[in-house]
Each structure stands twice: as structure tokens, then as C-alpha cells.
Amino acid sequence: MLKNIPAILPPELLKVLCEMGHSDVLMIGDGNFPAHSMGKNAIVIDMAGHGVPEILDAVLQVFPLDTYVEKPVNLMEVMPGDPTKTPIWDTYKEIIAKYDDRGADAVGNIERFKFYDVTKEKAYCIISTGETATYANIMLQKGVVFPDMQPAPYKKA
């Protein structure tokens, strides 16, 4: 076991998050997202027993968002004419604000089919969840772990 690692994060995901480098893309998909067909070139991790908000909160405890781009977080836009409401997006923005000073300003939207294309082309990892909210897919671009983000090294007293 490790200290200060959210228990929800399985060892396989921790390994992948650690392997990811600056600007790599992590996609967390809702229960309807076609993770396996979209992720033919990505690592797909099944976390079907969990919803996106709890996974997002745990991931952001160990995963820095990219500070070199304006929108390191992207959501799948609702299709024109679709009456679906997306209150889960407000939850995401609250979670993001806990870990990134930009808060909601770090979040953008990508048209649905472009979101699929970006996932196919750029996703290093796709987390498949049991999230029941629709349009609950979220894409994160990894940032840099700067030295001041690390605990201070041990100093002998």
C-alpha cells in the first residue's frame, strides 16, 4: 500500500498515470462511451463500479493539468437539438477548481464527433466508468510536475 494515494485508483491506473508525459491525454468516459472501439490505440481501464466525479477527484490529486494550454480539460458538447441537461459539468468544474487555480476557465467543449476523433488520435488512456449521466465524458491533458509540487526532501536533524 502507499500513503496519500486515493484508494479508488487501482494499481494499473497509477502505473499508467505515472507513465504519461506532458501533453498526453486521459479520457474518462461515461457508461455509454464506446471505450474499447475508440481506444484501439490507447490503454483502456475498466472502473465500471464508479462514477466520473469520484474518479476525476481522485485522478486530479495525482495528475497535474497542462498549464501551457488554455483548456487542458474538455467536455463533449451536447448535440444541437438534444434537450439533455448536463448538471454533472458543474460538479466537474467544482472538482477542477480544487486542484487548478483556473477553475472553470480551464474547461472547454469539443463537438461530439470531434471529441471521438481526438480520443482516437490522442488518448493515451481511456477510463471506462459506470457513470449514468449522459454527456459525462471528460478529457484531461497532462501537465508538468514542477519541483515545488513535490514534498521537501528529507533533511537530517
Among (1) more than 22 Å from Leu17 (Cα to Cα); (2) part of a loop (DSSP other than H, G, I, E, B); (3) in contact with a Leu (Cβ under 6 Å, 6 or more places away or on another chain); (4) not hydroxyl-bearing (Ser, Thr, Tyr), the one test that Phe63 misses: (1)
Pairs where the first residue, in segment 50-72, is closer than 26 Å to Thr132 by Cβ and the second is open to solvent by 60 Å² or more (accessible area, probe 1.4 Å), C-beta under 6 Å, 6+ apart: Leu60/Tyr99
Residue in segment 39-60 that is farthest from Ile138 (Cα to Cα), counting only those that are assigned to a helix (DSSP H, G or I) and open to solvent by less than 20 Å² (accessible area, probe 1.4 Å): Ala58
Given (1) of a type outside the set (Phe, Trp, Tyr); (2) out of contact with any strand residue (DSSP E or B) (no Cβ under 9 Å at 6 or more places or on another chain); (3) open to solvent by 70 Å² or more (accessible area, probe 1.4 Å); (4) outside any helix (DSSP H, G or I), number of the condition Asn109 does not satisfy: (2)
Cross-chain or 6+ apart pairs with Cβ under 7 Å, segment 127-149 first and farther than 20 Å from Leu9 by Cα and in contact (Cβ under 8 Å) with a residue 40 or more places away in the chain, then of a type in the set (Asp, Glu) and part of a loop (DSSP other than H, G, I, E, B): Ala133/Asp30; Thr134/Asp30
Residue match in segment 79-90 (condition: closer than 16 Å to Asp30 by Cα, among the basic types (Lys, Arg) and surrounded by 13 or more Cβ atoms within 10 Å (Cβ to Cβ)): no
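The values are calculated or read from the model by the stated rules, or taken from the named source; none is laboratory data. All values derive from a computational prediction rather than experimental measurement. Every residue, glycine among them, receives a Cβ derived from its backbone with ideal geometry; neighbour counts consider all protein chains shown. Quick note on the areas: whole protein, heavy atoms, side chains included, nothing else; ligands and nucleic acids left out. Shrake-Rupley method; radii C 1.70, N 1.55, O 1.52, S 1.80 Å.
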